[in-house]
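*Asks:* Just dropping this structure here.
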Amino acid sequence: MTDETPGTPGRAAPEITEENAFFWTSGADGRLRLTECGSCAALIHPPQPVCRYCHGHDTGVRAVSGYATLIGFTVNHRFPAPGLPTPFVVAQVAIEEDPRVRLTTNAVQCAPDELTLGMRMEVVFERAGDAWLPLFRPAADQTEPAPFPADAIEPARFRSHVRPMVTPEKFEDKVAITGVGASEVGRRLLVPPLSLTVKACERAIADAGLTIADIDGLAAYPGAGAYGGFAEGGVTALEAALGVQPTWYNGGSETFGPGGSLIAAMLAVAGGLARHVLCFRTVWESSYGELVKRGRIAAPAAGAPAAGWMKPFGAYSAAHTLAMNAQRHFDRYGTTRETLGWIALNQRANAALNPTAIYRDPMTMDDYLQARMVTTPFGLYDCDVPCDGSVAVIVSAVDAARDLAKPPVLVEAVGTQLLERIEWDQSTLTHEPQVLGQSAHLWTRTSLRPSDVDIAQLYDGFTFNCLSWIEALGFCGIGEAKDFLDGGKNIARDGLLPLNTHGGQLSHGRTHGLGLVHEAITQLRGEAEARQVPDARVAVVSTGGLAPSGAILFRADT
């Protein structure tokens, strides 16, 4: 390909490094180049020093034809990107020479309604700073739409790839949840984030009947760092505020959200490093955005290079990746926007009974379908609610738990195994990446089955996250969520699988997963008041969206 499109004024240039320079500068001569394994001829993207398929270390660079198959696209209406006036099309293509390689890109020189999944595309390049961005347009020589590339593991086969338990002894049997607490949750509370954290932690400690002196472990996600409203300072900040003297602590972002830090705490307790670990997650996204608008917090620097393989094309949000996964699910299984709408309506109906939820007003399917579009097929009510709030959970040794203030909630099993590519646009095509392997792993660590679950608190950063978990965890077959929901009846509080009973992140607020744990514990104790599911004894919780993710199965102490 030798065509070039005019550069877009103000468009963000990618961050060029020694490892990726060949890719970003390749378009200067009109050719698309990718890393190639010299041993097995596989194409590798993003570039790596070793082949993930044959583990050979003889890698080089190969010029490819520039033709690809369109495997996903979403029309972005909401998220701004430098030099890309909305709406614009974020797309994913699979390279013809090796469809295992996908590129996030923009579809250009066509209207969105001209695009069809499976159509042949060809590369054109656009200059952005020192880089040449590979964009794709419909090829002149169109044939019948091509099928999706095969996933490395087909959805129904994940169970056969799970590693067996290393030992019949489970760490889960040694721990329990003994306390939960939450601060106020709301929009633009303008309260210092550490104050929210302290309030949630003090409430969790009191709920367990403990004192600060009893706490000998701390765990936080994502820990300290410049997370723009998604953290409060981590373990360091809380230790300084409360004077805890932990024998063990943990904080970091490379785990599946607060569920990962919760499991780290369980392992520390089971291993004898601590007796009572205080785990917490704080967000103050709404206030952060408001303070940036007021000039009280410096806005991110304008004109900085766009890091990663997706941001140069305006794919700044997880919404873009998940929207394309949803589109492929629609195409393969007949799912519709109404299918996702039943999930949004269910969460809103539950939130109406929860005085701490942000959105409690009734919502109809027409309200859902007519809401402003965010990025197709997601509208406003497919997306969770940015908020301020903190949630805390205490993990204790099971032999200490039964002497505390509340009945302990036991941990039955966890699901953590990674079986899919971590990179968002290289992973599973039709489901949220990182739900299928973790779900299959969960059920190998317990004799309980999906039919034993009384309530499900499933991550719903977007409606499609929730749908993916319903199928992955086996509450229905792969591709069967449309029928399983039965117009929302099966996920209602009195249905087959009561779902996100506090309103979920879609209506209660984006507490990034730990709020789901809080609700599960509240339900299993029988303390959920108007929204209580009768006789709830087993709960499954999933946390994390895209990569990484994980699931935990809890049960009431009997």
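*Asks:* Out of everything in the stretch 256-294 that is assigned to a loop (DSSP other than H, G, I, E, B) and either surrounded by 22 or more Cβ atoms within 10 Å (Cβ to Cβ) or of a type in the set (Asp, Glu) (or both), what residue ends up being modelled with the highest pLDDT?
*Replies:* Of everything passing the filter in the stretch 256-294, 274 is modelled with the highest pLDDT.
*Asks:* Name the pairs whose Cβ atoms lie under 7 Å apart, with the first residue in the stretch 205-223 and within 18 Å of residue 407 (Cα to Cα) and in contact (Cβ under 8 Å) with a residue 24 or more places away in the chain, the second crowded, with 17+ Cβ neighbours inside 10 Å and of a type in the set (S, T, N, Q), and 6 or more positions between them or separate chains?
*Replies:* Listed by first residue and then by second, the contacts come to 208/178.
*Asks:* For residues in the stretch 540-558 being β-branched (Val, Ile, Thr) and modelled with pLDDT of 90 or more, which is farthest from residue 398 (Cα to Cα)?
*Replies:* 543
*Asks:* Further question: Which one of the conditions (1) of a type in the set (A, V, I, L, M); (2) modelled with pLDDT of 90 or more; (3) farther than 30 Å from residue 20 by Cβ does residue 297 fail to meet, given that it meets all the rest?
*Replies:* (2)
*Asks:* Taking the stretch 9-60 only, how many residues are small (Gly, Ala, Ser) and either in contact with a His (Cβ under 9 Å, 6 or more places away or on another chain) or in a loop (DSSP other than H, G, I, E, B) (or both)?
*Replies:* Of the residues in that region, 9 qualify.
*Asks:* Being at pLDDT below 95, farther than 21 Å from residue 315 by Cβ and in contact with a Gly (Cβ under 6 Å, 6 or more places away or on another chain) is the filter; apply it to the stretch 1-56 and report the residue that is surrounded by the most Cβ atoms within 10 Å (Cβ to Cβ).
*Replies:* So, considering only residues that are at pLDDT below 95, farther than 21 Å from residue 315 by Cβ and in contact with a Gly (Cβ under 6 Å, 6 or more places away or on another chain), the one surrounded by the most Cβ atoms within 10 Å (Cβ to Cβ) is 1.
*Asks:* Which residue out of 522, 501 is assigned to a loop (DSSP other than H, G, I, E, B), farther than 17 Å from residue 450 by Cα, touching a strand residue (DSSP E or B) at 6+ places or on another chain (Cβ under 8 Å) and modelled with pLDDT of 95 or more?
*Replies:* 501
*Asks:* Let me spell it out: the conditions are (1) surrounded by 13 or more Cβ atoms within 10 Å (Cβ to Cβ); (2) of a type in the set (Asp, Glu); (3) more than 30 Å from residue 326 (Cβ to Cβ), and residue 151 meets all of them except one. Which number is the exception?
*Replies:* (3)
*Asks:* Run residue 168 past the list (1) over 27 Å from the mean Cα position of the chain (by Cα); (2) under 15 Å from residue 277 (Cβ atoms) and report the number of the one that doesn't hold.
*Replies:* (2)
*Asks:* Continuing with the same structure: Could we say that residue 140 is touching a residue at least 40 places away in the same chain (Cβ under 8 Å) and within 28 Å of residue 68 (Cβ to Cβ) here?
*Replies:* no
*Asks:* Which of (1) touching a Gly at 6+ places or on another chain (Cβ under 7 Å); (2) surrounded by fewer than 17 Cβ atoms within 10 Å (Cβ to Cβ) does residue 156 not meet, given it meets every other one?
*Replies:* Only one criterion is unmet by residue 156, namely (1).
*Asks:* Sort through 525, 537 and tell me the only one that's out of contact with any Pro (no Cβ under 9 Å at 6 or more places or on another chain) and assigned by TED's automatic domain parsing to the domain that holds residue 264.
*Replies:* Answer to the check: 537.
*Asks:* So, one more: Suppose we filter the stretch 387-405 for residues that are surrounded by fewer than 20 Cβ atoms within 10 Å (Cβ to Cβ) and either touching an Asp or Glu at 6+ places or on another chain (Cβ under 8 Å) or not assigned by TED's automatic domain parsing to the domain that holds residue 219 (or both); how many remain?
*Replies:* 3
*Asks:* Identify all residues within the stretch 67-122 that are in a loop (DSSP other than H, G, I, E, B) and of a type in the set (A, V, I, L, M, F, W, C); write none if there are none.
*Replies:* If the condition is that a residue be in a loop (DSSP other than H, G, I, E, B) and of a type in the set (A, V, I, L, M, F, W, C), then 79, 101, 108, 110, 111, 115, 117, 119 are the ones that fit.
*Asks:* Counting just the residues of the stretch 217-241 that are modelled with pLDDT of 90 or more and among the hydroxyl-bearing types (Ser, Thr, Tyr), which one comes out nearest to residue 285 (Cα to Cα)?
*Replies:* Once the filter is applied, the top-ranked residue is 221.
*Asks:* Identify, please: which residue in the stretch 224-255 is aliphatic (A, V, I, L, M) and without any contact (Cβ under 8 Å) to a residue 40 or more places away in the chain and is, among those, surrounded by the most Cβ atoms within 10 Å (Cβ to Cβ)?
*Replies:* 235
*Asks:* Further question: Just for helices (runs of 4 or more DSSP H) wholly inside the stretch 357-462: which have at least 1 residues that are under 20 Å from residue 92 (Cβ atoms) and touching a residue at least 24 places away in the same chain (Cβ under 8 Å)?
*Replies:* 436-443
*Asks:* Looking at this structure, is residue 350 in contact with a Gly (Cβ under 8 Å, 6 or more places away or on another chain) and part of a helix (DSSP H, G or I)?
*Replies:* yes
*Asks:* For residue 79, are the conditions met, namely being within 29 Å of residue 323 (Cβ to Cβ), aromatic (Phe, Trp, Tyr), surrounded by 13 or more Cβ atoms within 10 Å (Cβ to Cβ) and at pLDDT below 95?
*Replies:* Yes: the conditions hold for residue 79.
The values are calculated or read from the model by the stated rules, or taken from the named source; none is laboratory data. Since this is a predicted model, take the numbers as computed values, not measurements. For neighbour counting, all protein chains shown are included, and Cβ atoms are generated from backbone atoms with ideal geometry for every residue, glycine included.
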